[in-house]
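Data first, discussion second: the structure below is written as structure tokens.
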Amino acid sequence: MIISLYSTKGGVGKSTTILSIVNAIASANRGSESPESVCVIDADHKQGSLAGFFDERRKRGLPDHSIECRVIEPSDDTPELLYELGEKYDHVIIDLPVQHANYVVLSALQADLVLMPAAMTLVEVNPVRLAMKNMMQIIREHSLPTKVGFVVSRGARIYQFEGRTAKGILRSVQRARFPILK
């Protein structure tokens, strides 16, 4: 399975969401006779969150649980790289840069699942909602098998802080029939 994390806004929780997914797979792999192989791609390397996390794990001598991290400079070749890695690994998870360049969108659409995280604030949800709408239109037009999901990041804290605004945003996302993942 190829999972892309994509957003047109920075700081929405893409890397944190990836680490949650990786931790879940690592827990399942721990002690398994046939662990699932995972390749995490940090294509948002200017931020350096994922590469830094995996470097720190290696420095501490922690086991990798069949999880590898690669840092790449995204380009027009990135969608093909995802396909090749998808043939080699059970799971490929890519942290895409915050851009709306063609190769970024094509890389996202190469995935089986595109996750788009945002906190329940207008500043974060509106750009994600528009990007998701555009992506779903491309998926429909080209009959792609890609699934797209909206991930609520930092939900409880923001939800409590913004109250009615968060509730209204959540209703708006639900009315648009976007899948919501927590």
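The values are calculated or read from the model by the stated rules, or taken from the named source; none is laboratory data. Since the structure is predicted, the reported quantities are computational estimates derived from the model, not experimental observations. Using ideal geometry, Cβ is built from the backbone for each residue, glycine included, and neighbour counts are taken over all protein chains shown. The area values use the complete protein model at the heavy-atom level, side chains included, leaving out ligands, DNA and RNA. Shrake-Rupley method; radii C 1.70, N 1.55, O 1.52, S 1.80 Å.
Here are the numbers for this structure:
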{"read-out": "Cut-off 9 Å between beta-carbons: net charge of the residues surrounding SER66, Lys and Arg +1, Asp and Glu -1", "value": "-4"}
{"read-out": "Sequence-distant residues sharing a close amide H with VAL148 (under 5 Å, placed H)", "value": "VAL114"}
{"read-out": "Region 1-122: proportion of alpha-carbon pairs further apart than 20 angstrom, %", "value": "40 percent"}
{"read-out": "Label zone at GLU68, where the point sits 7 Å out along the Cα-to-Cβ direction: region 28-45 residues whose backbone N lies under 11 Å", "value": "37-40"}
{"read-out": "ASN126-GLU56 FRET efficiency (beta carbon distance; Förster radius 35 Å; 0.05 resolution)", "value": "0.55"}
{"read-out": "Gain upon complete extension [SER20, GLU80; 0.36 nm per residue less C-alpha separation]", "value": "19.0 nm"}
{"read-out": "Set of region 104-126 residues, backbone N closer than 15 Å to the point 7 Å along the Cα-Cβ line of LEU144", "value": "104-116"}
{"read-out": "Where LYS88, LYS46 fall by accessible area, highest first, once all protein chains stay in place (1.4 Å)", "value": "LYS46, LYS88"}
{"read-out": "Amide hydrogen neighbours beyond the local backbone of ASP44, cut-off 5 Å, H modeled", "value": "ASP95"}
{"read-out": "Placed amide H near GLU68: partners under 5 Å, 5+ positions off or other chain", "value": "VAL38, CYS39, VAL40"}
{"read-out": "For region 25-38, 3J(HN,Hα) per residue [Karplus equation, 6.51 cos²θ - 1.76 cosθ + 1.60, θ = phi - 60°, Hz, x = Gly/Pro]", "value": "5, 4, 4, 5, 6, 4, x, 6, 6, 10, x, 6, 7, 9"}
{"read-out": "Gain upon complete extension [SER49, LYS88; 0.36 nm per residue less C-alpha separation]", "value": "11.6 nm"}
{"read-out": "Ranked order, GLU80, GLU33, GLU73, GLU68 - accessible area, probe 1.4 Å, largest first", "value": "GLU33, GLU73, GLU80, GLU68"}
{"read-out": "Accessible surface of TYR89 - all protein chains present, 1.4 Å probe, nearest 10 Å²", "value": "20 Å²"}
